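Working notes for the structure below.
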Amino acid sequence: MASTPSSTVNSSAANTGNQRNYLPELTILTSLFFMWGFLTCLNDILIPHLQNVFELNYFQSMLVQFTFFLAYFLISLPSGKLVEKVGYKKGIVIGLVTAGIGTLIFYPAAGLRSYPVFLLAFFILASGITLLQVAANPYVTILGKPETASSRLNLTQAFNSLGTTVAPYFGSLLILSTAVKTAEELSKMSPAEVEAYKAAEAAAVQYPYLGLAAVLFIIAAIFAVIKLPQIEASTVQSGDGNGNYDEIHDSAWGYKHLLLGAIGIFVYVGAEVAIGSFLVKYFVSLDSSMLEMEAGKMVSFYWGGAMVGRFIGSAVQRKIKPGTVLGFNAIMASLLVIISMISDGKVAMWSILLVGLFNSIMFPTIFSLAIRGLGKHTGQASGILCMAIVGGAVIPVIQGLIADSIGIHHAFILPVLCYLFIAYYGFRGSVPSFEKAALAVEVD
């Protein structure tokens, strides 16, 4: 990967954590985690708006998440190759510019009132975010001691959750504040009133996303001029600090704990996105007097719980094994979803919101556990794991079909099944085969 000598770092030093303090670099990287969390979570607010504007059913409205997360599946592996070729820094800049272009397309999409153009904008935006994920997640795990990689990634992901926390409140005020009128209401309005209404409705989406595009381009310019350390993936150590095991297989695909981790990422993102995407409509169904704007603000508690949980998890995982914490959180999340399904009113509302607290450490913990010991295969492994984020495309659509069939209240059975697999991965599936072999030798 191309870089200047002054920005190149010996990864052995990086992994011992004794020769350099990477706090400045990690601080800068947190801005990326914040931005892609903010942009991703705005989907939860835009979905009910588009559902009303285009009169979509649950399945059709979930095409937003399908299109958005499909980009992860299609773009992750090419992104991994791009990062290996141009380096982390240039990969981040390209990702930011691509995401900026995607947000700009929301302007004509809203003006034309075209659902397909909206879906195109979502895909391009997600393509940029995918590239950011592929570059930034492994970079954070490398910058510092390997034994604290999971804790470090949880800490930076906490700022991702900060973005997801403020996005629903921000989006609700600017996007859901314009009440969507029915066809009958529009028929009673004069042509001038209809035109003014459509302009206001479009502006509710256009101006926020124009502002986001400007922010993305500014951050891209900042990353273009700053210096970031370059680390060779071939010398990255395993998460336990005992070296890497990249000679066991010719590629990352040969490591079972990585493949199970990819499934874990698939079901985790799918469950988290499915729950978040349905919350506005779910809360309105629980309380018919609640306005969608009020329900949208409540979504902030779901993502805010994830933010709090990541700060807590970052500290807890320095004392307790990450796999154990992951398994515990997955069991608690599944129980909370079940409670929401069998209850009603405030109990159903707050139990589903509390799931966010236990979702908190899942993505960064699964990610860091899955790439343990992969050394030179880490870049490819990151691409595989980010490709698995396509679960955010598949599972919400399936839940949409279930909701259309049996109702939104009991459609949450799907996330329960997802969390049960994550519990298995935390307790057993995340242990690499080479660690099992080492333990067997010690026992003998």
Some residue of segment 246-257 being at pLDDT 85 or above and more than 24 Å from the chain's Cα centre (by Cα): yes
Number of the condition not met by ILE320 [criteria: (1) more than 18 Å from ALA411 (Cβ to Cβ); (2) open to solvent by 60 Å² or more (accessible area, probe 1.4 Å); (3) in contact (Cβ under 8 Å) with a residue 12 or more places away in the chain; (4) among the β-branched types (Val, Ile, Thr)]: (3)
Flag if VAL355 is farther than 22 Å from ILE312 by Cα, modelled with pLDDT of 90 or more and either crowded, with 18+ Cβ neighbours inside 10 Å or of a type in the set (Val, Ile, Thr) (or both): no
Among the residues listed as GLY313, GLY345, GLY305, the single one being surrounded by 24 or more Cβ atoms within 10 Å (Cβ to Cβ) and either modelled with pLDDT under 85 or not β-branched (Val, Ile, Thr) (or both): GLY313
Some residue of segment 360-377 being in contact (Cβ under 8 Å) with a residue 24 or more places away in the chain and among the charged types (D, E, K, R): yes
Residue ranges of helices (runs of 4 or more DSSP H) in segment 43-151 with at least 1 members open to solvent by less than 10 Å² (accessible area, probe 1.4 Å), hydroxyl-bearing (Ser, Thr, Tyr) and touching a helix residue (DSSP H, G or I) at 6+ places or on another chain (Cβ under 9 Å): 58-61, 63-86, 88-104, 115-142
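The values are calculated or read from the model by the stated rules, or taken from the named source; none is laboratory data. The shown structure was predicted, so the numbers you read here are calculated from the model rather than taken from an experiment. A quick note on method: Cβ atoms are made from the backbone with ideal geometry, for glycine too, and the neighbour counts reach across all protein chains shown. Please note that ligands, DNA and RNA were not included when accessible areas were found on the heavy atoms of the full protein model with its side chains. Shrake-Rupley method; radii C 1.70, N 1.55, O 1.52, S 1.80 Å.
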